[in-house]
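Following: one structure in structure tokens, then a few remarks.
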Amino acid sequence: MEIDAAREVRTTCPYCGVGCGVLAKVAADGQVSVRGDPDHPANFGRLCSKGSALAETIDLDGRLLHPEIDGRRAGWDEALDRVAATFSRTIAEHGPDSVAFYVSGQLLTEDYYVANKLMKGFVGSANIDTNSRLCMASSVAGHRRAFGSDTVPGTYEDLELADLIVLVGSNLAWCHPVLYQRIAAVREKRPDMKVVLVDPRRTMTADIADMHLAIAPDGDVALFTGLLAYLGQHNAVDRGYISAHTAGFGQALFAASKLDLAGVAAATDLSEDEIVRFYSLFTATARTVTVYSQGVNQSSSGTDKVNAIINCHLATGRIGKPGAGPFSVTGQPNAMGGREVGGLANMLAAHMEIENPEHRERVQRFWNSPDIAEKPGLKAVDMFKAVADGRIKALWIMATNPVDSMPDADAVEAAIKACPFVVVSDVLAKTDTIRHAHVRLPATAWGEKDGTVTNSERRISRQRSFLPAPGEARPDWWIVAEVGKRIGFGEAFSYSSLAKIFAEHAALSGFENNGERDFDIGAYSGVDEEDYHALAPFQWPASSSQKTAPGPSITRFFADGNFYTADRKARFVAIRAATESRTNPDYPLILNTGRVRDHWHTMTRTGKSPRLSQHIAEPFVEIHPADAQRYGIGDADIVRISSPRGEVLVRAMITSRQRRGSLFAPMHWTDQFAAKGRLDSLTASLTDPVSGQPALKHVAVRLEKFTAKAFGFAVTRRRPEMIDADYWAAARCRGGWRIELAFAEAEINWTGFAQSLFGAPPETEMLAYHDRDAGQHRIAAFDDKHLAGALFVAPGPVAVSRGWAAQQLEEVHASQRERFRIVAGRAGAERPDAGAIVCSCFGVGANQIVAAVTAGCATVDAIGGALKAGTNCGSCRAEIRAIIQVNRFQAAE
Ligand code: SF4
């Protein structure tokens with residue numbers, strides 16, 4: 001592929017479900033730059049910190065560039081033949097259900113379509129499931145129960161038109177930052193718009209909330225069934241809408257009324273006063289949008305939570321109207337596209353149902369396929385159980401990292417290790433999953449691959465390539481199609497281009513549809529190469545019968561009160577709130593898992609960015625001060641969290657944002673970045689009975705202090721091959737790596753340790769300071785005028801400025817005085833410590849913001865004027881506001 005250095009390419013961000021448009025440009029020297037696409041309707045030019053740093057994540061460091069078989073380099077033909085032959089033989093000997101694909105919301109729709117077609121239509125099994133099962137399967141199940149289809153009714157515009165936004169289990173500020181920014185911008189103009197946050201933690205999203213309901217874990221069903229009962233009692237339901245467009249209201253209200261206000265308070269751990277204030281606000285506000293994400297979905301009662309929310313919207317007729325509706329926001333960039341092609345084991349393509357014989361016959365006829373799966377396949381958790389017990393004998397994992405992201409991750413790793421044949425197609429040569437693959441297939445990455453993705457508001461956008469495919473990397477759709485051909489399905493998988501796959505997908509969505517199915521993009525079934533190349537973002541539906549030309553539009557479902565059930569009426573679901581205690585004397589605390597602002601999933605991409613790695617550079621756990629005191633834990637101690645399945649070592653962060661009795665820890669760290677940070681080694685394979693989604697946010701655990709005799713901090717130009725420490729966490733910085741360390745023993749040859757950590761040859765100049773009585777050691781290694789590495793060791797958490805130390809890797813240290821300054825661990829008065837990085841875009845630290853507040857900056861904009869912090873992507877504005885609040889208060893004391 002030739003790079004056109006003068007041209008900006010319109011593409012889409014590969015991270016969260018907001019689906020922001022990105023303009024990417026390759027300069028003549030090969031440097032890539034990105035900016036938000038001002039014309040994309042998801043973001044209108046905005047990008048968050050992750051999107052803004054995309055250019056830092058596309059280097060070829062660590063890439064898998066050639067196919068490999070059993071650890072040796074192989075050609076594509078040999079590798080594809082091996083995959084096809086082993087899958088064919090396994091199917092012939094043990095039947096179609098003895099093989100499985102585990103795919104990903106990172107795949108593009110065309111990749112997903114081909115993989116699903118091969119497994120469901122040609123292998124004849126539905127054993128294809130996706131990591132989206134971990135993300136939003138409960139929303140899919142809830143939609144299908146209520147609407148008869150997996151339909152997101154509203155649009156992002158509704159968030160701007162609403163008078164009340166209820167955010168349930170959603171840290172929008174960090175996990176969907178551009179949506180958060182869109183809401184924050186409206187609130188500035190329309191201060192009477194209200195926001196309620198329902199979340200056990202006081203997350204950064206509380207920054208825009210008028211009310212924060214610090215609900216007990218999994219108290220949401222009680223809160224929303226209580227709301228339905230309240231609406232009924234206060235005659236606040238829309239009787240006309242209910243009778244014309246819904247069924248089951250009486251039973252749902254009866255079930256809800258079993259719980260009185262005191263019962264709701266007991267189940268949610270909220271006061272009756274708080275609950276009534278929320279209920280009356282909801283009752284009084286016609287334009288209400290309820291936004292929910294993983295806090296709702298990742299639960300053993302996730303589907304009931306979704307339906308409890310939808311029940312309240314159906315009861316008030318607040319659905320499909322401008323500024324009103326339930327709104328599930330997806331975690332992944334193409335979770336919605338995966339749903340459209342049937343990437344979940346219990347769905348067929350184009351939102352058709354696998355249990356429906358008419359649908360199966362239609363899809364089989366359309367595909368002209370020899371076979372079609374007749375029953376749902378194994379959902380993710382059950383799929384890996386089947387790998388463990390030998391029912392699945394050949395497994396292909398595409399673009400995901402289940403050894404880190406699946407619940408009970410150690411058991412999943414053991415299952416993969418024991419599986420007779422494992423294929424992994426990925427972009428990286430080293431992940432915790434790919435290390436167990438028999439065949440490794442190099443896939444193209446963001447910037448190199450082409451296709452479409454669908455965001456949370458049903459908007460389909462193109463991801464376009466602007467870089468050549470490196471080495472022998474190939475697109476996922478091509479890899480799957482080649483295997484399909486080699487298995488013997490040449491005709492069905494001989495795609496000459498991506499446009500042909502998209503056109504086929506669009507044609508299937510419109511095939512014998514006649515308005516009976518929600519997903520219909522039949523208007524695009526005739527796209528040719530040119531149309532596909534130029535495809536502008538559009539929202540579905542876009543049926544072939546639509547008279548208007550396909551293109552940008554705003555669409556809402558259910559405005560006419562017609563749903564996709566047999567009688568076209570929506571269904572209330574009768575739900576009884578049940579509380580369940582998972583803790584016990586051995587595991588007395590509840591662990592909640594989630595994301596941080598600047599990292600994505602298992603850090604295979606964001607972990608490459610120095611900018612993104614500075615905000616939070618190691619795995620941590622948030623602990624309420626009372627719990628910290630109870631367990632004798634101080635801030636920045638290393639702690640062990642254990643469950644019956646495993647344990648992790650992470651840094652303690654004591655904060656009253658956390659509920660007492662609950663912990664929060666992020667799920668990003670893997671064996672590639674930390675000694676023992678794989679959080680999902682703790683979580684259980686407990687799932688929602690309807691959706692099969694794991695309960696990743698409510699895990700009983702134990703907490704104890706890890707007694708470290710020595711703590712360390714190091715910066716090093718080269719990434720160490722191995723780190724011999726009980727605790728370590730490595731993060732990229734501009735000149736190399738920064739590493740946090742802790743040791744159970746202090747009797748260590750620190751100079752030898754430093755030498756091995758830096759990878760320093762014996763002739764390297766080493767300067768050292770040792771105070772053995774105080775347990776203080778500082779060692780720096782120089783390679784000519786440059787710092788090769790520096791190690792700081794202390795008996796407690798090391799106090800050296802991380803930013804200053806990392807910066808030394810990039811500077812010239814010509815004089816002995818400068819070198820000794822590093823060993824002293826002091827920046828010097830002329831270079832004050834910036835503190836922990838808050839604004840990733842401009843590298844502004846907490847200490848700088850505090851200094852600006854002390855000097856009189858009283859608003860986020862004033863801080864922006866003084867330091868530029870918060871003036872680019874805006875992802876840090878909530879944190880800046882929190883720092884201002886604390887420090888203004890202290891300054892006034
Ligand atoms: Fe990407 Fe951020 Fe937009 Fe999500 S909000 S799509 S991560 S730029």
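The values are calculated or read from the model by the stated rules, or taken from the named source; none is laboratory data. This is a predicted model, so every value here is computed, not measured. Positions of Cβ are backbone-derived with ideal geometry, glycine not excepted, and every protein chain shown enters the neighbour counts.
If only one of VAL276, VAL329 is aliphatic (A, V, I, L, M) and free of Cβ contacts under 8 Å to residues at least 60 places away in the same chain, which one is it? Quick ask: steps written out before the conclusion?
On the way: VAL329 fails: free of Cβ contacts under 8 Å to residues at least 60 places away in the same chain.
Unique residue meeting the criteria: VAL276.
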Selected residue (criterion: surrounded by the fewest Cβ atoms within 10 Å (Cβ to Cβ)) from residues of region 40-60 that are over 21 Å from LEU108 (Cβ atoms) and more than 10 Å from the ligand (Cβ to nearest atom): ASP59
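Only one residue in ARG659, ARG605 is more than 15 Å from the chain's Cα centre (by Cα) and buried (at least 19 other Cβ atoms within 10 Å of the Cβ), so which one is that? Steps first, answer last, please.
Working: ARG605 fails: more than 15 Å from the chain's Cα centre (by Cα).
Step by step, each of ARG659, ARG605 is checked, and only ARG659 is more than 15 Å from the chain's Cα centre (by Cα) and buried (at least 19 other Cβ atoms within 10 Å of the Cβ).
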LEU223 being within 21 Å of GLY142 (Cβ to Cβ) and buried (at least 23 other Cβ atoms within 10 Å of the Cβ): yes
Options ASP771, ASP833: the member that is of a type in the set (Asp, Glu) and within 24 Å of HIS599 (Cβ to Cβ): ASP833
Single condition GLY634 does not satisfy, out of (1) out of contact with any Pro (no Cβ under 8 Å at 6 or more places or on another chain); (2) under 26 Å from LEU686 (Cα atoms); (3) among the small types (Gly, Ala, Ser): (2)
Flag for ARG440 being in a strand (DSSP E or B), over 19 Å from the mean Cα position of the chain (by Cα) and more than 15 Å from the ligand (Cβ to nearest atom): yes
From ALA492, ALA481, ALA473, ALA506, residue being crowded, with 19+ Cβ neighbours inside 10 Å, in contact with a strand residue (DSSP E or B) (Cβ under 6 Å, 6 or more places away or on another chain) and among the hydrophobic types (A, V, I, L, M, F, W, C): ALA473
Residue in region 234-251 that is more than 17 Å from THR290 (Cβ to Cβ), among the polar types (S, T, N, Q) and within 16 Å of the ligand (Cβ to nearest atom) present: no
Any pair with Cβ under 9 angstrom, 6 or more apart, that starts in region 408-431 at a residue that is among the basic types (Lys, Arg) and ends at one that is not in a strand (DSSP E or B): LYS417/HIS436; LYS430/GLY62; LYS430/LEU64; LYS430/GLN672
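Could you tell me whether ASP111 is buried (at least 24 other Cβ atoms within 10 Å of the Cβ), more than 16 Å from the ligand (Cβ to nearest atom), within 22 Å of the chain's Cα centre (by Cα) and touching a residue at least 40 places away in the same chain (Cβ under 8 Å)? Can you show your working first?
Values: buried (at least 24 other Cβ atoms within 10 Å of the Cβ): yes; more than 16 Å from the ligand (Cβ to nearest atom): yes; within 22 Å of the chain's Cα centre (by Cα): yes; touching a residue at least 40 places away in the same chain (Cβ under 8 Å): yes.
Spelling it out, ASP111 is indeed buried (at least 24 other Cβ atoms within 10 Å of the Cβ), more than 16 Å from the ligand (Cβ to nearest atom), within 22 Å of the chain's Cα centre (by Cα) and touching a residue at least 40 places away in the same chain (Cβ under 8 Å).
Give the residues of region 12-22 that are touching a Phe, Trp or Tyr at 6+ places or on another chain (Cβ under 7 Å) and either among the hydroxyl-bearing types (Ser, Thr, Tyr) or more than 11 Å from the ligand (Cβ to nearest atom) (or both), sorted by residue number. Spell out the reasoning first.
Kept after step one, since they are touching a Phe, Trp or Tyr at 6+ places or on another chain (Cβ under 7 Å), are these residues of region 12-22: 14-15.
Correct list: TYR15 only.
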Residue ranges of helices (runs of 4 or more DSSP H) in region 310-429 with at least 1 members surrounded by fewer than 24 Cβ atoms within 10 Å (Cβ to Cβ): 357-367, 380-388, 409-418
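Would you confirm whether any residue within region 23-34 is away from the ligand (no atom under 11 Å from the Cβ), under 17 Å from ARG474 (Cβ atoms), out of contact with any Asp or Glu (no Cβ under 9 Å at 6 or more places or on another chain) and in a loop (DSSP other than H, G, I, E, B)?
Narrowing region 23-34 to residues away from the ligand (no atom under 11 Å from the Cβ): 23-33.
Adding the requirement that they be under 17 Å from ARG474 (Cβ atoms) leaves none.
Within region 23-34, not a single residue is away from the ligand (no atom under 11 Å from the Cβ), under 17 Å from ARG474 (Cβ atoms), out of contact with any Asp or Glu (no Cβ under 9 Å at 6 or more places or on another chain) and in a loop (DSSP other than H, G, I, E, B).
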The lone exception for GLU8 - which of (1) among the acidic types (Asp, Glu); (2) within 14 Å of the ligand (Cβ to nearest atom); (3) more than 22 Å from TRP600 (Cα to Cα) it fails: (2)
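Give the residues of region 192-224 that are part of a helix (DSSP H, G or I) and either farther than 20 Å from GLN885 by Cα or among the hydroxyl-bearing types (Ser, Thr, Tyr) (or both), sorted by residue number. Walk me through it before giving the result.
From region 192-224, those part of a helix (DSSP H, G or I) are 204-208, 220-224; that's our starting set.
Of everything in region 192-224, those that are part of a helix (DSSP H, G or I) and either farther than 20 Å from GLN885 by Cα or among the hydroxyl-bearing types (Ser, Thr, Tyr) (or both) turn out to be THR205, ASP220, VAL221, ALA222, LEU223, PHE224.
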Residue within region 742-759 that is farther than 22 Å from GLU810 by Cα, of a type in the set (S, T, N, Q) and loosely packed, with under 14 Cβ neighbours inside 10 Å present: yes
Which numbered condition ASP129 misses (of (1) farther than 30 Å from GLU353 by Cβ; (2) among the charged types (D, E, K, R); (3) outside any helix (DSSP H, G or I)): (1)
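Within region 132-166, track down each residue that is of a type in the set (A, V, I, L, M) and closer than 18 Å to ILE354 by Cβ. Outline the logic, then answer.
Of all residues in region 132-166, those of a type in the set (A, V, I, L, M) come to 134, 136-137, 140-141, 146, 152, 159, 161-162, 164-166.
Of everything in region 132-166, those that are of a type in the set (A, V, I, L, M) and closer than 18 Å to ILE354 by Cβ turn out to be ALA137, VAL140, ALA141.
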ASP671 vs. criteria in a loop (DSSP other than H, G, I, E, B) and without any contact (Cβ under 8 Å) to a residue 40 or more places away in the chain: no
Residue in region 43-59 that is closer than 28 Å to VAL480 by Cβ, of a type in the set (S, T, N, Q) and out of contact with any Asp or Glu (no Cβ under 9 Å at 6 or more places or on another chain) present: yes
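Going residue by residue through region 643-654, is there one that turns out to be farther than 28 Å from SER840 by Cα and either more than 27 Å from the chain's Cα centre (by Cα) or of a type in the set (D, E, K, R) (or both)? Quick ask: steps written out before the conclusion?
First, pick out the residues of region 643-654 that are farther than 28 Å from SER840 by Cα: 643-647.
Filter once more, keeping what is either more than 27 Å from the chain's Cα centre (by Cα) or of a type in the set (D, E, K, R) (or both): 645, 647.
The answer is yes, given that some residue of region 643-654 is farther than 28 Å from SER840 by Cα and either more than 27 Å from the chain's Cα centre (by Cα) or of a type in the set (D, E, K, R) (or both).
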Scope region 181-205; condition among the small types (Gly, Ala, Ser) and either surrounded by 23 or more Cβ atoms within 10 Å (Cβ to Cβ) or under 15 Å from ASN592 (Cβ atoms) (or both); matching residues: none
Filter result for the condition that a residue is touching a residue at least 40 places away in the same chain (Cβ under 8 Å), outside any strand (DSSP E or B) and under 30 Å from LYS676 (Cα atoms), over ALA469, ALA445: ALA445
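Inspect region 853-870 for any residue being at pLDDT below 85 and under 25 Å from the mean Cα position of the chain (by Cα) and give the result as yes or no. So that I can check it myself, show each step before the final result.
Pass one, region 853-870, residues at pLDDT below 85: none.
No, region 853-870 contains no residue that is at pLDDT below 85 and under 25 Å from the mean Cα position of the chain (by Cα).
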Candidate set from region 157-189 (those that are more than 24 Å from the chain's Cα centre (by Cα) and assigned to a loop (DSSP other than H, G, I, E, B)); member that is farthest from the ligand (Cβ to nearest atom): ASP163
Where VAL289 falls short, out of the listed (1) outside any strand (DSSP E or B); (2) within 29 Å of the chain's Cα centre (by Cα); (3) over 30 Å from MET406 (Cα atoms): (1)
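With respect to ALA92, is the statement that it is modelled with pLDDT of 95 or more, at negative phi and not in a helix (DSSP H, G or I) true? Write out each step before concluding.
On the way: modelled with pLDDT of 95 or more: yes; at negative phi: yes; not in a helix (DSSP H, G or I): no.
When the stated conditions are applied, ALA92 does not pass them.
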Tally of residues being more than 22 Å from THR606 (Cβ to Cβ) and part of a helix (DSSP H, G or I) across region 841-871: 16
